[in-house]
Every structure is written in C-alpha cells, then in structure tokens.
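Beneath this line is the structure, given in structure tokens, with notes to follow.
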Amino acid sequence: MEEEEHEVYGGEIPDVEGDMDAHNTDVDMSAADDDAVKELDEMKKRLKEMEEEAAALREMQAKVEKEMGAAQDPANVAANQASKEEADSRSVFVGN
C-alpha cells in the first residue's frame, strides 16, 4: 500500500488492518457482564441511600426553619426591619 499523508495531522496513516490481527483475541464477556451488573446494583443501592439521607436532611431543615420562624418575636422583626430601612436611607452606593 502506498504511504498516504493525513490532510489534517500530517504524517503517514498507519495500516490499521495489520495491527488489528495481533489484538483480535476472544474475551469472556459473561464475567465482565456479571461484574457490571453487580457494580450497577451497588450504585443503585448507594443512590437510594443518598436519596433517603437527603430527604431526612430536608425534613430536618424544614423543622429547624419552622422553629426559627416561631422563635422570632413579631415586634422584634418589625424593629429589625425599621433599623434596616434607616441604615439604607443613610447609605450611598458608588459603582465604577
């Protein structure tokens, strides 16, 4: 076969057909499939555990937010809001 130069990379194009014969061996795919199935099952199990943990964390977060909201006094919230408005009225933003 005549040596060809690849138009993008330059250099010669290897003879792929000859190289493939040396690497063409039989592989037992059943063992690989079993390992892949086991690994996939383990991943699914870990994913389920993580989802359950995330649900529990969301539930705990909701409880904490509910308790924090109940612990705040409405009068204190109004005073805090008035303080913020006062500070904002004295603030100046300068950009660039």
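Applying 1/(1 + (r/R0)^6) with R0 = 35 Å to the Cβ-Cβ distance of Ser30 and Ala55 gives a FRET efficiency near 0.40.
Mind giving me the FRET efficiency for Asp41 and Val64? R0 is 35 Å, r the Cβ-Cβ distance, nearest 0.05 is fine. Before the final figure, lay out the partial values.
On the way: r = 35 Å, r/R0 = 1.00.
Efficiency at R0 = 35 Å is approximately 0.50.
Ignoring lysines fewer than eight residues from Lys45 along the same chain, the ones with Cα atoms less than 30 angstrom from its Cα are Lys63.
Can you give the alpha-carbon Rg of segment 31-88 over 2.2 N^0.38 Å, where N counts its residues?
2.28
Bridging of Lys38 to lysines at a Cα separation below 20 Å is possible for Lys48, once same-chain residues fewer than 8 apart are set aside.
All of the numbers you see were taken from the coordinates with simple rules; none came from a lab. These numbers were taken from a predicted model, which means no experiment stands behind them. Because the Cβ atoms are built from the backbone with ideal geometry, glycine has one as well, and the counts that use them run over all protein chains shown.
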